[in-house]
Amino acid sequence: MRKIGILTSGGDCAGLNAAIRSIFYRAQKYEMEVIGIKDGSLGLTKRPVDFIELNYPTVSGSLFREGGTFLGTTNRGDPFNFKGDDGKYSDLSDKIIEGYKLLKLDGLIVIGGDGSMKIFKKLADRGKLNIVTIPKTIDNDVGATESSIGFNTAVAVAVEALDNLQATAASHHRAMILEVMGRDAGHIALNAGIAGGADVILIPELPYAIDGIIKKLNEMKKHNIRHSLIVVAEGVKTENGETYMNKYADGEKRLGGIGDYLATQIIKKTDIECRVTTLGHVQRGARPNANDRILASAFGVYAVDLLAKGKFNRMVAWQNRGVVDVAIEDGINTYKLVDQNESLVDTAFALGIYIGIT
Ligand code: F6P
């Protein structure tokens with residue numbers, strides 16, 4: 001291994017820069033040249049290939065304290081069927097493979113979520129690329145790892161929001177609804193809801209009833225508590241099973257709006273005043289907290305060691321308080337949702353939080 005590449009792919013999150021820094025530092029042990037490919041797979045489609053040489057000045061200093069990814073990333077489109085600026089679809093896979101070969105890379109570390117890992121596994125198989133992947137996603141839905149880079153910070157941001165909402169909820173005797181990200185997974189909502197003292201937590205994995213929420217709020221009233229905090233994951237559906245989406249002017253659709261639906265339902269059926277806060281991308285762009293910096297650093301070191309040993313098609317994972325490696329397929333095929341039987345669901349029940357089901 002003389003020359004390795006790194007790219008970040010999919011939605012950004014906190015801790016990506018820390019992972020890049022860690023990869024660079026560990027690569028020095030093996031005297032590897034490290035290059036950073038710009039904007040995920042897109043950098044490999046450019047001619048000349050869009051990359052920067054990594055060196056001590058580029059990765060040191062305050063970089064690892066910053067959110068986002070200084071290499072850039074993309075979460076738009078599938079390179080096997082990519083929509084160009086002219087609206088036409090084309091297959092960019094050969095171009096990406098060629099980009100890797102033009103750079104004369106001996107290995108590539110892909111930092112991405114399940115979607116990016118799927119794409120790069122396919123590219124690696126087709127082009128015989130030597131890849132290792134590092135799981136990152138605020139949604140924490142990658143299987144085979146207890147944690148992915150970015151999740152912990154996203155939870156911390158949501159908890160801070162709940163801390164702030166508590167004061168204004170109590171002042172106005174209101175129900176404050178906080179809509180958090182997570183796609184189809186409720187990990188952010190569940191973790192943040194428990195840590196942030198929520199009274200109601202709704203996640204896509206567990207059915208709920210508006211009447212169940214109202215019953216909980218009425219019980220609180222009986223105890224003379226006239227304010228409440230409700231956390232809802234963006235992927236929660238309406239009682240009738242409809243998904244709320246925002247459609248942007250460029251045609252992109254993203255989950256969002258379920259918080260407003262809940263507020264409308266509660267206002268219609270009670271005299272409770274509701275307000276909605278949609279947390280959005282602040283969960284992604286925040287400064288990485290200590291946990292994410294540590295996880296990213298540990299993952300980066302291990303990923304370089306895998307390349308150095310010639311162990312390809314592996315994903316690094318966090319299991320039982322340490323880093324291990326698993327087949328990339330293990331990470332992508334075991335998409336991890338909240339399990340109804342997991343202990344945090346019991347914890348929420350035990351705390352009297354309404355979390356659906358009844
Ligand atoms: O997968 C990460 C995530 O932040 C989801 O939680 C969210 O639904 C989506 O990405 C938002 O995507 P975008 O950055 O394209 O708006």
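The values are calculated or read from the model by the stated rules, or taken from the named source; none is laboratory data. Everything numeric in this text was worked out from a predicted model, so none of it was measured. Don't worry about glycine lacking a Cβ; one is built from the backbone with ideal geometry, like all the others, and counts go over all protein chains shown.
Within the range 1-59, the only residue that satisfies the criterion of being of a type in the set (A, V, I, L, M, F, W, C) and free of Cβ contacts under 8 Å to residues at least 24 places away in the same chain is Ile52. Hey, does the range 91-103 have a residue that's modelled with pLDDT of 95 or more, within 16 Å of the ligand (Cβ to nearest atom) and of a type in the set (Gly, Ala, Ser)? Within the range 91-103, none of the residues are modelled with pLDDT of 95 or more, within 16 Å of the ligand (Cβ to nearest atom) and of a type in the set (Gly, Ala, Ser). Answer yes if at least one residue in the range 137-150 is of a type in the set (A, V, I, L, M, F, W, C), buried (at least 22 other Cβ atoms within 10 Å of the Cβ), over 22 Å from the mean Cα position of the chain (by Cα) and farther than 14 Å from Ile332 by Cβ, and no otherwise. For the range 137-150, residues of a type in the set (A, V, I, L, M, F, W, C), buried (at least 22 other Cβ atoms within 10 Å of the Cβ), over 22 Å from the mean Cα position of the chain (by Cα) and farther than 14 Å from Ile332 by Cβ: absent. Being closer than 21 Å to Ile357 by Cα and crowded, with 20+ Cβ neighbours inside 10 Å: is that true of Ile201 here? Yes. Here the range 169-185 is the region considered, the condition is being under 24 Å from Arg284 (Cβ atoms) and out of contact with any helix residue (DSSP H, G or I) (no Cβ under 7 Å at 6 or more places or on another chain), and the residue that is nearest to the ligand (Cβ to nearest atom) is Arg183. Looking only at residues that are more than 16 Å from the ligand (Cβ to nearest atom) and closer than 21 Å to Gly77 by Cα in the range 1-35, which one is surrounded by the most Cβ atoms within 10 Å (Cβ to Cβ)? Top of the filtered list is Leu7. Checked against the criterion of being touching a Phe, Trp or Tyr at 6+ places or on another chain (Cβ under 8 Å), farther than 17 Å from Asp114 by Cβ and either not charged (D, E, K, R) or not in a helix (DSSP H, G or I) (or both), the candidates Val316, Val323 yield just one match: Val323.
Restricting attention to the range 130-168, the residues being within 14 Å of the ligand (Cβ to nearest atom), within 20 Å of Val282 (Cα to Cα) and assigned to a loop (DSSP other than H, G, I, E, B) number 7.
Contact list please: Cβ distance under 8 Å, first residue in the range 276-303 and touching a residue at least 40 places away in the same chain (Cβ under 8 Å) and under 16 Å from Asp139 (Cα atoms), second residue basic (Lys, Arg) and more than 16 Å from the ligand (Cβ to nearest atom), pairs at least six apart or on different chains. If the second residue must be basic (Lys, Arg) and more than 16 Å from the ligand (Cβ to nearest atom), the pairs left are Pro288/Arg65.
What helices (runs of 4 or more DSSP H), lying completely within the range 1-75, carry at least 1 residues that are under 23 Å from Leu92 (Cα atoms)? Passing ranges, in order: 41-45.
Please list, ordered by residue number, the strands (runs of 3 or more DSSP E) wholly in the range 220-295 having 2 or more residues that are within 16 Å of the ligand (Cβ to nearest atom) and loosely packed, with under 15 Cβ neighbours inside 10 Å. In the range 220-295, 245-247, 253-255 are the strands (runs of 3 or more DSSP E) which contain 2 or more residues that are within 16 Å of the ligand (Cβ to nearest atom) and loosely packed, with under 15 Cβ neighbours inside 10 Å.
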